[in-house]
Amino acid sequence: MTGPNPPVSGPPAPGLRVLLAEDSAILRDGLAALLTRRGHTVTTVGDGAALERAVAQLAREQELPDVVVADIRMPPSFTDEGLRAVLGLRARHPGLPVLLFSQYVETRYASRLLAGDARGVGYLLKDRVADVRDFVDALGRVAGGATVLDPEVVSQLMGSARQDDDLERLSAREREVLGLMAQGRSNGAIAELLHLSYGAVEKNVAAIFTKLDLPQDAADHRRVLAVLRHLGV
């Protein structure tokens, strides 16, 4: 295998190859054990430089990971080493799925992460890891090409987003649907969360595309464009 498959929306095959970068040995070992018990193969490193070296080695072996999971703040400066490493990896290996997580919401970092192709990208708060099912689900969706954002990240990005006249055209329900789209929710999941029919969600999504004047290309791509417009990225 020469690299990750092109991002697609949908669940990836079981048994992901995960490359985990986290400086806390306790969290790193705990996550590795959690994922291994669920049938995934996990390689771990402790900082951004080691992450880049590991991916370079795997690329030489033509065995890129199915998804990279990285803390944003790692040694030596504990600022944005993980983010910078991931952005560099995405530049060298377009489409490489990455899931960043942090103790805090860093809106400027999230904006940088989403500024390019946002498919196969995730950003979660570390607290979310405590909900094992949500974390594993998010990991699988990112590996499958989805954009997955923590609800708190979405909330703060929305609060700092620039004003957009097009967004003013959306109804309250459409904004609600768009907010859940920004979290990486499928139409089926949105229907369940909002107690709507699947058809009603589809109509809201179609209205969002029309009101935001998004190009008439693949639905998944327009969905990503809508999310980025909503977040002001």
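Quick notes on this structure:
- Angle between the chain longest axis and helix 198-211 axis [Cα atoms, degrees, rounded to 10]: 80
- Using C-alpha pairs under 8 Å with a sequence gap of at least 6, the mean separation divided by the residue count of the chain gives a relative contact order of 17 percent.
- Extension reserve of the Leu194-Ala206 stretch, reckoned as 0.36 nm per residue once the Cα distance is removed: 2.6 nm
- Cα gyration tensor shape for the range 30-122, rounded if a/c is under 1.5, else prolate or oblate: rounded
- Of the peptides 57-67, 140-150, 110-120, the order by per-residue mean of other Cβ atoms within 10 Å, starting with the highest, comes out as 140-150, 110-120, 57-67.
- When the helices of the chain are scored as -39500 (n - 2.57) per DSSP H run of n ≥ 4 and the total is divided over every residue, the value at 222 nm lands at -15000 deg cm²/dmol.
- The overall shape of the range 22-69 is oblate: from the C-alpha gyration tensor, with semi-axes ordered a ≥ b ≥ c, the ratio a/c is 1.5 or greater and a/b is no larger than b/c.
- Compared with the dominant Cα axis of the chain, that is its longest principal axis, helix 48-60 is turned about 90°.
- In the chain, the longest principal axis of the Cα atoms and the axis of helix 81-92 are about 80 degrees apart.
- For the pair Thr41 and Gln103 in one chain, pulling the backbone fully straight at 0.36 nm per residue adds 19.8 nm over the alpha carbon distance.
- If R0 is taken as 30 Å, the Cβ-Cβ distance between Asp117 and Ile26 corresponds to a FRET efficiency of 0.35.
- Labels on offer are (1) 17.5, 51; (2) 17.9, 57; (3) 16.0, 42, and the one holding Rg and Dmax of the Cα atoms in Å computed from this structure is (1).
- The 3J(HN,Hα) values that the Karplus relation (6.51, -1.76, 1.60; θ = phi - 60°) gives for the range 123-130 are, in residue order, 9, 10, 7, 4, 4, 5, 5, 4 Hz. Gly and Pro appear as x.
- Shown is the FRET efficiency for Phe78 and Asp131, computed with R0 = 25 Å from the Cβ-Cβ distance and rounded to the nearest 0.05: 0.50.
- Summarising the amide proton neighbourhood of Val148: residues at separation of 5 or more, or on other chains, whose placed amide H is nearer than 5 Å comprise Val121, Gly122, Tyr123.
- Per residue, the average separation of C-alpha pairs within less than 8 Å and at least 6 apart gives the range 111-209 a relative contact order of 23 percent.
- Across the protein chains, with a 1.4 Å probe defining accessible surface, the residues Thr107, Thr210 rank Thr210, Thr107 from largest area downward.
- GNM remark for the chain: springs join alpha carbons under 10 Å apart, and the peak mean-square fluctuation among Gly122, Gly184, Gly30 falls on Gly30.
The values are calculated or read from the model by the stated rules, or taken from the named source; none is laboratory data. Just so it is clear, the structure is predicted and the values come from calculations on it, not from any experiment. Backbone-built Cβ (ideal geometry, glycine too); neighbour counts: all protein chains shown. In case anyone asks, the SASA skips ligands and DNA or RNA and just uses the protein heavy atoms, side chains included. Shrake-Rupley method; radii C 1.70, N 1.55, O 1.52, S 1.80 Å.
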